[in-house]
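Chemist: Once you've had a glance at the structure underneath, I'll fire off some questions.
The values are calculated or read from the model by the stated rules, or taken from the named source; none is laboratory data. Just so we're clear, the structure is a prediction, and the values are computed from it rather than from any experiment. For neighbour counting, all protein chains shown are included, and Cβ atoms are generated from backbone atoms with ideal geometry for every residue, glycine included. Note: areas computed on protein heavy atoms with side chains; ligands, DNA, RNA excluded. Shrake-Rupley method; radii C 1.70, N 1.55, O 1.52, S 1.80 Å.
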Amino acid sequence: MVLQPLPTVVVIGNGMVGYKFCEKLLAKTQAFKLVVFGEEPRVAYDRVHLCEYFGGKTADDLLLAPLQWYHDNTITLHLGDPVQEIDRANRTVHSRGGLVQPYDYLVLATGSSAFVPDIPGVEKAGVMVYRTIEDLEEIKAYAATAKRGAVLGGGLLGLEAAKALLDLGVPETHVIEFAPRLMPRQIDAAGSQMLQTKLEALGLQIHLSKATSSIGGEDTIDALHFGDGSRLEVDMLVISAGIRPRDELARLAGLEVGLRGGIVVNDEMQTSDPRIFAIGECALHGGMIYGLVAPGYDMAEVVASQLTQGARAFTGYDMSSKLKLIGVDVASFGDPFIAEPHSRSIVFEDAHRGVYKRINISPDGKYLLGGVLIGDAEAYNLLLQTVNNKIVLPPHPEDLILGARGGEATEGAGVLSLPDEALVCSCEAVTKGAICGAVTELGITTVEGMKKCNKAGTGCGGCVPMVKDLIQGTLLAQGAYIKNVLCEHFEYSRQELFDLLKINDIRTYDAALDHFGRGDGCETCKPAIGSILSGLWNDLIVKQNTIQDTNDRYLANIQKGGSYSVVPRIAAGEVTPEQLMVIGRVAQKYGLYTKITGGQRIDLFGAHVSDLPDIWEELINAGFESGHAYGKSLRTVKSCVGSTWCRFGLHDSVSLAIEIENRYKGIRSPHKLKSGVSGCVRECAEAQAKDFGIIATEKGWNLYVCGNGGAKPQHAQLLATDVDKETLVRYLDRFLMFYIKTADPLMRTATWLNKLEGGLAYLKNVVINDSLGICAELEAEMALLIQNYHCEWREVVENPELRRQFTHFVNAPTLKDPSIEFEPVRGQKIVKAW
Amino acid sequence: MEAVIDVTWVAVCRATDIPADGGACALVEGEQVAIFNFARRGEWYATQNLCPHKQQMALARGMIGSTGEACEPKVACPFHKRTFSLLTGECLNGEECSIQTYPVKVEDGVVYIGWA
């Protein structure tokens, strides 16, 4: 028997939409041979989250699927080898590298390129676009030395590029927009104004109604010249003035293209040649180019369906969108601009918080037609669903943006009231019915499970909160009692376990598991119980080191490659020249990369696990102790120099910081704790960004709590004013102990306070007014923890049995891990990249 | 029933060298092998020490435990918490990477790894 060769589908373009097409086709059938040509050297990556490349994500994190995926699915992939010609007569494509590939069907997913306006000087060095990872790398390189950067274009991508420059630390970032306002295509004038105010407060300088007439400079940009005669000196420019569909291949092949670009397609996504399809940003459908990923995915689904005898058609797409621009929510949905007499608008504006909301309702008040949300877009999903499903509005539609005031309606109920066909995840086309069905029929109870089950929430991720609400709402409706539990081994919350272990005097993980758990535990409950036990008894964690995360097990911070970093405690950042010399000598002896940390300490990187006890021993002999940089515990109390030296200082902030740091050092908490003490209101110690911060006043000290840097910065809130030191310490004891006892695992103080019913007012009542009558107990519990403090490093150094465990090879203790490799950098060493 | 496996048993270390309900890394025939002493169940497991996610020699320092109704034994890589079955070596986070497992036995207080 002769096997018929499979018909061949050639995909030109390995971007998000090209990749999604392969995934969707493979999900339907294995009856095609897939061949993919990509121009970029990388496999398809997530362009929507490109800006996270600056936020520390690596190129690999952004990949939609690893190279192995293409291999496993027998896709022939040609990267860095773009197709240069389509020979429609012979049904072949020709690549730059000389490959000739026949096709039965051809899918053009060539995407778009950045539109670069024809401004004189646009070719100068320092002028870039924002499109690919390569573009980003160029921007990164320039940003390192640039003093002033500008972005041309105040649309969605332009503002994203501006954020990138901010993130890269360009000291001055300007946004130049031709239109009289920002994001003119998505939001209305009042919304633009609010957005502008918020962005300016974040440090962006915004110039509107500016026509750029030329770019100045010899070979490298040095200024922008505008039509009104003004100029702006800059040393880099990122152009983000829109997109241009990549239709040149189609044009060459004689396919029909639009007047202003784009490959013309019908509702089946067919081009003028029925064997050739076009999808994504290169396709022109109904006179529209769709510059978002969700419609592109929908087009991919249409073609996959067409190739498998399906009947899906593309009938246009809702361009509603919600995003976070530089930390500011911006959303528009339905028709954001529709006005009298076709609609009436309800507008809410809060200039204080920087919130603007507008909804447009039908003249009869029955239906929602569209709207704009700036500063707070939490209601976006629900509003979008209300528009798309033509849900009849309640008698007071203003509740939709103001929240029910005095009523009992909750958001969860709102989500559940949606019809089954409501599209919840528009990237993967998952309906409310499918999500609720997965809960009732398949027993799915988590967002992770839902992602695996039907991919809901795996695209842009915007619907994840709604998916979570739907899962919880459906479970509740089924009568399930939803409990906040630690993991599959413990059916209790952290707070419940804290009380249970205390009352039953449980002191080991095994005993906790025997009494209150099942199975053998896992990487979630082990460190969580470890934290509870420490919060109760403050026993040495080295006694139960296999339940600790690796940092707590080895009392150092694991780094790339598997070496560790060592941070001795330098309370409040005060260090003698002699101590500095000891640190220097230790670093030199063990070949450690040395860096000052953000918390006024010194971090020594690149220590082999077997060197750790020796390093600690030398540090301890010079009077140092563990800095607990590895623990979910107090890290550092940062201080300014205060009244001892500073002419502005009101009190001695250094002495207080040292006292506070030594008081709470080593105490385990649900997550790490950072603190700061400033000697005056100038706040050089940044105390208001800390879990607890103290600022000197004329009359005493102000205590701020629950601040956070990190991914979601939040200022600390004022708990007590003008208190003396004794009162301050008492409040701190109570506050910290209350947090240690009641927070969930790995919950920072800021999130804890956000979730605490009653918020700051409640916390004040508990800590200051003793409304729960537990303050004496909290103080006694804290006193026990403080009394039981031991330096864990010293324990290992002095205990031969423990010390023996610090080897890489248990059967070759003197041998170091040969897989750890370093390379030189600026006179020190760093670990090789992974 | 005992599966007949054609392996050479290599003596590696003393059983007391591996912490209870934890792991340690041993050098076996030039390879890094992670050995786990599942004391709670009186079981021993061995796998490659390399976590395939980011190519780090780290699994021996991971926390062990179990999952599911059948209490499948597993280890979590300390770097990014990818978990792997100690029985099959499969990744339990839905990712298509797996690790090599090795037969292991303890006789007279000595840990042996079955080397194919």
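Chemist: Sort A:338-346, A:471-479 by the packing proxy (mean of other Cβ within 10 Å over each peptide's residues), most packed first.
Modeler: Listed from highest to lowest mean packing, they are A:471-479, A:338-346.
Chemist: How crowded by other chains is B:18-28, given as the mean number of beta carbons from other chains within 10 Å of each beta carbon?
Modeler: 5
Chemist: How do A:168-179, B:105-116, B:49-60 rank on mean C-beta neighbours within 10 Å, highest first?
Modeler: The peptides rank, most packed first, as B:49-60, A:168-179, B:105-116.
Chemist: How far, in degrees from 0 to 90, does helix A:725-742 lean away from the longest principal axis of the Cα atoms of chain A, to the nearest 10?
Modeler: With rounding to tens, the tilt is 60 degrees.
Chemist: Would you grab the residues whose amide H sits under 5 Å from the one on A:His808? Only those 5+ places off in sequence or on another chain, please, with H modelled 1.01 Å from N.
Modeler: Long-range HN contacts for A:His808: A:Ser610.
Chemist: Per residue of A:511-520, how many C-beta atoms from partner chains lie within 10 Å of its own C-beta, taken as a mean?
Modeler: The per-residue average across the peptide is 3.
Chemist: Given Cα positions, please report Rg to Rh for region A:557-787, the hydrodynamic radius being the Kirkwood one.
Modeler: Ratio of gyration radius to Kirkwood radius: 0.99.
Chemist: Which lysines, on any chain, are close to A:Lys366 with Cα under 28 Å apart, when same-chain ones fewer than 8 places away are left out?
Modeler: Hits, sequence-local ones excluded: A:Lys322, A:Lys357, A:Lys390, A:Lys432.
Chemist: Moving on. Please compute the net charge surrounding A:Pro171, taking Lys and Arg as +1 and Asp and Glu as -1 over other residues with Cβ under 14 Å from its Cβ.
Modeler: -2
Chemist: Using the heavy atoms of the protein chains alone and a 1.4 angstrom probe, what is the accessible area of region A:557-787 per residue in square angstrom?
Modeler: 40 Å²
Chemist: Now for a different question. Hey, what did region A:233-294 get for relative contact order, percent, Cα under 8 Å, at least 6 apart?
Modeler: 26 percent
Chemist: Ordered by residue, what ³J(HN,Hα) values in Hz, to whole numbers, does region A:697-713 give under the Karplus form 6.51 cos²θ - 1.76 cosθ + 1.60, where θ = phi - 60° and Gly and Pro are x?
Modeler: 10, 4, 9, x, 10, 9, 10, 10, 9, 6, x, 7, x, x, 5, 10, x
Chemist: Across region A:127-241, how large is the tail of the calculated P(r) beyond 23 Å, expressed as a percent of all Cα pairs?
Modeler: In whole percent, the share of Cα-Cα pairs in region A:127-241 beyond 23 Å is 24.
Chemist: Of the DSSP beta bridges with both residues in region A:127-241, give the percent that are antiparallel, rounding to the nearest 5.
Modeler: Antiparallel bridges make up about 30 percent of those DSSP assigns within region A:127-241.
Chemist: Return the carbon/sulfur percentage of the accessible area of region A:92-194, one whole number, probe 1.4 Å, all protein chains in place.
Modeler: Within region A:92-194, the accessible surface is 56 percent carbon and sulfur.
Chemist: Still on this structure, I have one more. Return one number: the angle in degrees, 0 to 90 and rounded to the nearest 10, between the long axis of the Cα atoms of helix A:293-307 and the longest principal axis of the Cα atoms of chain A.
Modeler: 50 degrees
Chemist: While we're here: For helix A:464-477, what angle does its Cα long axis make with the longest principal axis of chain A, in degrees from 0 to 90 and rounded to 10?
Modeler: Between helix and principal axis, roughly 80 degrees.
Chemist: Take every Cα pair under 8 Å in region A:570-683 that's 6+ residues apart, average their separations, divide by the length, and report that relative contact order as a whole percent.
Modeler: 27 percent
Chemist: Sort A:735-748, A:23-36 for me by packing, meaning the mean count of neighbouring Cβ atoms within 10 Å per residue, highest on top.
Modeler: Answer by packing, highest mean first, reads A:735-748, A:23-36.
Chemist: Using DSSP, restrict attention to beta bridges with both residues in chain A and report what percent are antiparallel, rounded to the nearest 5.
Modeler: That works out to approximately 65 percent antiparallel.
Chemist: Something else: Once you have all Cα-Cα distances for region A:499-629, histogram them in 10 Å bins from zero and send the whole-percent values.
Modeler: Reading the bins upward from 0: 11, 37, 27, 18, 7, 0.
Chemist: Hey, another quick one. How large are Rg and Dmax for the protein assembly as shown when only the alpha carbon atoms are used, in Å?
Modeler: Cα radius of gyration and Dmax of the protein assembly as shown are 30.8, 96 Å respectively.
Chemist: Right, something else. For region B:13-108, with all protein chains present and a 1.4 Å probe, just round the carbon and sulfur fraction of the accessible area to a whole percent.
Modeler: 43 percent
Chemist: Need one number: convex hull volume per residue for region A:188-345, Cα atoms only, in Å³.
Modeler: 193 Å³
Chemist: Here's another thing I want to ask about it. Could you list the GluC sites (Glu not before Pro) in region A:248-294 that lie in coil according to DSSP, counting only those with at most 11 other Cβ atoms within 10 Å of their Cβ?
Modeler: none
Chemist: Can you divide the C-alpha Rg of region A:1-150 by 2.2 N^0.38 Å and report the result to two decimal places?
Modeler: 1.25
Chemist: Please list, ordered by chain and number, the residues whose modelled amide H lies under 5 Å from the amide H of B:Glu43; skip anything fewer than 5 residues away on the same chain.
Modeler: Excluding prolines and chain starts, which carry no amide H, the hits are B:Phe38.
Chemist: While we're looking at this one, here's another question. Taking only DSSP H segments of four or more residues, each worth -39500 (n - 2.57), what value at 222 nm results for the protein assembly as shown once the sum is divided by all its residues, to the nearest 500 deg cm²/dmol?
Modeler: Calculated mean residue ellipticity at 222 nm is -8000 deg cm²/dmol.
Chemist: Here's a follow-up. Could you report region B:13-108's accessible area per residue, 1.4 Å probe, as an integer in Å²?
Modeler: That works out to 39 Å² per residue.
Chemist: Short version: ³J(HN,Hα) in whole Hz for each residue of region A:214-221, in order, from phi by Karplus 6.51 cos²θ - 1.76 cosθ + 1.60 (θ = phi - 60°), x for Gly and Pro, what are they?
Modeler: In residue order, the calculated couplings are 7, 10, x, x, 5, 9, 10, 4 Hz.
Chemist: What average number of partner chain Cβ atoms lie no more than 10 Å from the Cβ of the residues making up A:541-550?
Modeler: Counting other chains' Cβ atoms within 10 Å and averaging over A:541-550 gives 4.
Chemist: Here's a follow-up. Given a 1.4 Å probe, how much area per residue of region A:127-241 is accessible, in Å²?
Modeler: Per-residue accessible area for region A:127-241 comes out at 40 Å².
Chemist: Please state, rounded to one decimal and in Å, the Kirkwood hydrodynamic radius that region B:8-66 gives when every pair of distinct Cα atoms enters the mean of 1/r.
Modeler: After inverting the mean inverse Cα-Cα distance, the result is 11.8 Å.
Chemist: OK, next. Per residue, what volume in Å³ does the Cα convex hull of region B:13-108 take up?
Modeler: Given the Cα convex hull of region B:13-108, per-residue volume reads 94 Å³.
Chemist: Show me you know the interface measure: the accessible area buried between B and A, both chains summed, probe 1.4 Å, in Å² to the nearest 100.
Modeler: 3200 Å²
Chemist: Still on this structure: How long is the gain from A:Val100 to A:Asn266 if the chain were fully straight, where each residue apart is worth 0.36 nm and the alpha carbon distance is subtracted?
Modeler: Taking A:Val100 through A:Asn266 to full extension adds about 57.0 nm, to one decimal.
Chemist: If you don't mind, there's one more thing I want to ask. Relative contact order of region A:557-787: what whole-number percent is it, with Cα pairs under 8 angstrom and at least 6 residues apart?
Modeler: Once normalised by length, the contact order is 13 percent.
Chemist: Going by a 1.4 Å probe on protein heavy atoms, which residues of region B:61-104 end up with at least 30 Å² less accessible surface in the whole assembly than in their chain alone?
Modeler: B:Arg61, B:Met63, B:Ile64, B:Ser66, B:Lys74, B:Pro78, B:Phe79, B:Lys81, B:Glu96
Chemist: So, one more: Report, in debye and to the nearest 20, how large the dipole of the protein assembly as shown comes out about its Cα centre when Lys and Arg carry +1 and Asp and Glu carry -1 on their Cβ.
Modeler: 800 debye
Chemist: Here is a further query. What part of the accessible area of region A:592-644, given as a whole %, is carbon or sulfur when the probe is 1.4 angstrom?
Modeler: Roughly 50 percent of what the probe reaches on region A:592-644 is carbon or sulfur.
Chemist: Counting only protein chains, not ligands or nucleic acids, how are A:Trp69, A:Trp793, A:Trp701 ordered by accessible area (probe 1.4 Å), most first?
Modeler: So the residues, ranked largest to smallest area, are A:Trp69, A:Trp701, A:Trp793.
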